[in-house]
Amino acid sequence: MAGRFAPSPTSALHLGNLRTAVVAWLMAVGTGREFRLRIEDLDTTRVRAASSVAEQQLADLAAIGISFDGAVVWQSQRLDAYADALAELDTYPCYCTRAEIAEAASAPHGDGYRPYPGTCLRLSAQRRAELAATRPPALRVRANSAISTVHDQWAGEVTGVVDDFVVVRNDGVPAYNLAVVVDDLAMDIDQVVRGDDLLSSSPRQAWLARQLGGIAPDYAHVPLAVNSDGRRLAKRDGAVTLADLAAIGVDPAQSLSRIAVSLELAEPDEPVSLPKLLSRFDPSALPRTPWVVA
Ligand code: GLU
């Protein structure tokens, strides 16, 4: 039994990411679980452009006192595991471009996700051969519009229709939704704590976990950090990474204290440690609104 934190090493962790890591640690350790770290570095173009970001992320997590059990898992070293999982799934090639899906699909969901309308499932052999000569396909898993329900610590029961989502991108890279599920199963993760932008992916991922013979984890989606305009926090929003903050004289202990205040686990400027926060932590009392980082 374990929880985990799974950053993508494309840019430095900001206060919102670090806060999610703190909540994930509190949830895992507070329930007697191990806490694991996985680096989601499959998107090689974006990761290469940001080399050494993963090392900085590891250093920043250590600087606020988060430690992990077991070895760090790097997704780029697990391609065989994704290939093995794929062999167990009923998949089909999809030649649709983003624009074609936008045209054929129903309106996007609130999170911008467009359920796949199944166009390439119904191709004639001749049409499929024609398309295969023009572009490389993505692979989609056949879900037959399954209904999937997950349990989230704060959102309660969340039900979604599972579309035929992408499991291998058309550049050959295993898709996020495949890798995350294969890894969570392999790492014995039974508690997934992460930003609430991923809440709507969880019925899809839970369905895939069951398809692969596993059990869906418990979920806990944490409200995101936002800037003063209410938009998702980003690097351009000022001093939001530990490096930015250090440059203006704020040390990691003070940043942890600020995160603790946002979680209503400390008074302003109170020195804190993760064990101290754990002794005060009550998941049901966690603030449920986005954290406005000035
Ligand atoms: N790598 C994803 C991110 O950084 C998180 C994936 C997950 O926690 O399931 O947003």
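The values are calculated or read from the model by the stated rules, or taken from the named source; none is laboratory data. These figures come from a predicted structure and were not determined experimentally. Cβ: placed from backbone, ideal geometry, glycine included. Neighbour counts: every protein chain shown. For accessibility, only protein heavy atoms count, side chains too; no ligands or nucleic acids. Shrake-Rupley method; radii C 1.70, N 1.55, O 1.52, S 1.80 Å.
Annotations
- Close amide-amide hydrogen proximity is noted between residue 191 and 2, 218, each under 5 Å apart and 5 or more residues distant or on a separate chain (H modeled in the peptide plane; Pro and chain starts excluded).
- Helix 176-186 vs. the chain, principal-axis angle (Cα, 0 to 90°, nearest 10): 70 degrees
- Ordered by solvent-accessible area of protein heavy atoms (1.4 Å probe), largest first, the residues 264, 103 come out as 103, 264.
- Packing, as the average of other Cβ atoms within 10 Å across residues, places the peptides 84-90, 19-25, 64-70 in the order 19-25, 64-70, 84-90, highest first.
- Axis angle, to the nearest 10 degrees, between helix 15-30 and the longest C-alpha principal axis of the chain: 90 degrees.
- GNM remark for the chain: springs join alpha carbons under 10 Å apart, and the peak mean-square fluctuation among 136, 117, 108 falls on 108.
- Order of exposure, largest accessible area first, which applies to 55, 100 with probe 1.4 Å: 55, 100
- With DNA, RNA and ligands ignored, accessible area of residue 114 (1.4 Å probe; Å², nearest 10): 80 Å²
- With DNA, RNA and ligands ignored, accessible area of residue 281 (1.4 Å probe; Å², nearest 10): 30 Å²
- Think of it as helices only: each DSSP H run of n ≥ 4 in the chain is worth -39500 (n - 2.57), and spread over all residues that comes to -10000 deg cm²/dmol at 222 nm.
- Fluctuation leader among 71, 243, 206 - the chain, Gaussian network, Cα springs under 10 angstrom: 71
- For residue 289, the solvent-accessible surface computed with a 1.4 Å probe is close to 90 Å², ligands and nucleic acids excluded.
- Of the listed residues 276, 235, the order by accessible area with a 1.4 Å probe, largest first, is 235, 276.
- Carbon + sulfur, % of accessible area of the chain - ligands and nucleic acids excluded, 1.4 Å: 51 percent
- For the chain, the pair-distance distribution built from all alpha carbon pairs, in bins 5 Å wide starting at 0, is 1, 5, 11, 15, 17, 16, 14, 9, 6, 4, 2, 1, 0, 0 percent.
- Among the cysteines of the chain, those whose beta-carbon sits 4.7 Å or more from every other cysteine beta-carbon are 96.
- Here the stretch 170-249 and the stretch 119-168 have alpha carbon centers that stand 20 Å from each other.
- In the context of the full set of protein chains, the stretch 58-127 has a per residue accessible area of 59 Å² (1.4 Å probe).
- Using alpha-carbon coordinates, inclination of helix 252-262 to the longest axis of the chain, degrees: 80 degrees
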